[in-house]
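As structure tokens, the structure follows; a few thoughts come after it.
Every read-out reported here was derived from the displayed coordinates using simple, explicitly stated rules and does not represent laboratory data. Note that the structure is a prediction, hence the values are computed from the model and not measured. Using ideal geometry, Cβ is built from the backbone for each residue, glycine included, and neighbour counts are taken over all protein chains shown.
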Amino acid sequence: MTTWARNIASSTLLVAAMAATTHAAQAANEGWYVGGFAGHVSFASERSLRGSAETSVAGLQLGINCCELLDVELGYGKSMGGDDVDLFAVNAIKYLEADDGSWRPFLLAGLNRYDFQESDFLVDGHQLRSTQWLFGAGAAKAIDEQFFFRAELRLAEGRKSASSGTDLGLQLSINRRFGASSAAKRQPQLVAPAVAPATVAEPMQAPATLRVMVEFATDSAEVRSFYSEQLSEVAALLEAEPETELLLVGHTDSTGSSAYNQQLSERRAAAVKSYIVDRYSITAARISTAGRGESEPLQSNDSAEGRAANRRVIGQIDYVESAAQ
């Protein structure tokens, strides 16, 4: 097969895999992301007639947020220098910390494949296609609620004698989230009943309610960073209305035992309370918490979408606001 035909076939397979990945993420109501990367690879001396060879690569990657701490990713890159090399990779990324807006360390593992379109610098007998085990470590940081930056060091170890040796790579990427991970944020709802007309044009007091919903990953009580904006609005109202109090009620889906889910719902409510108290210096006594376990679902637990909606904490503040007649 000619070089251009191999490139077309490989690109077609990659696009199909990315499309299937995106469809699966949307069907499962999971978040996904797409990004661009640039990197530099230093090939093992066992590959090269020159004793060492290096190339710079750039490309695209697409991944699924399987859960809060695990991503699965596909990537394709191409050399930017004189050597004609295509790079394909599939790997899993395991985050070691929850996303709180700071740097998140991670480990990665998977498979890596190089397609060498020319073999002038390769040793005799080296395959033009080289598949390797891929390992690495790095850190990621959110830029805002949709974009995040990632830096990582990658080690690729040959799976066959013809591609033996360890290649070393440095890769930087900027990625954009889509789906559940970026759309989970909901704005608090301000509900104010209609005020009956009065005969005197004086300010009057009207009852109002601020409600907020925070959703959680499966079996998790970690408050995700994209809820910071609406929780800051809750804290601002508590500061502006010193006589008000906040009630937080935690819920779960039906996964697990009733006793465990009751404890998990209480931990979720306590986590939202700690988030507000620690970041905005709200007096802890003004925030009360409760847990309902799996007893009060919003939707059916028979679907992934329903279970995601049921993993939540509901917050409510009742207060009085001034309203002109």
Per-residue HN-Hα couplings for the stretch 252-258 [Karplus 6.51, -1.76, 1.60; θ = phi - 60°; Hz; x = Gly/Pro]: 9, 7, 8, 5, x, 6, 4
Report, by chain and number, residues whose modeled amide H sits under 5 Å from the one on GLY293, excluding near sequence neighbours (fewer than 5 apart, same chain). THR252, SER265, GLU266
Can you list residues from other chains, or at least 5 along the same chain, whose modelled amide H is less than 5 Å from the amide H of GLU54? PHE43
Tell me, what ³J(HN,Hα) does each residue in the stretch 286-292 have, in order and in whole Hz, if you take phi through Karplus 6.51 cos²θ - 1.76 cosθ + 1.60 with θ = phi - 60° and put x for Gly and Pro? 7, 10, 10, 10, 8, x, 10
Distant-in-sequence amide H partners of GLY31 (H built 1.01 Å from N, under 5 Å): ASN65, ALA180, SER181
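Less than 11 Å Cβ to Cβ from GLU241, Lys/Arg counted +1 and Asp/Glu -1: what total charge do the surrounding residues give? Intermediate results must be reported in sequence, preceding the final value.
On the way: positive: ARG286; negative: GLU239, GLU243, GLU245, ASP318, GLU321.
In short, -4.
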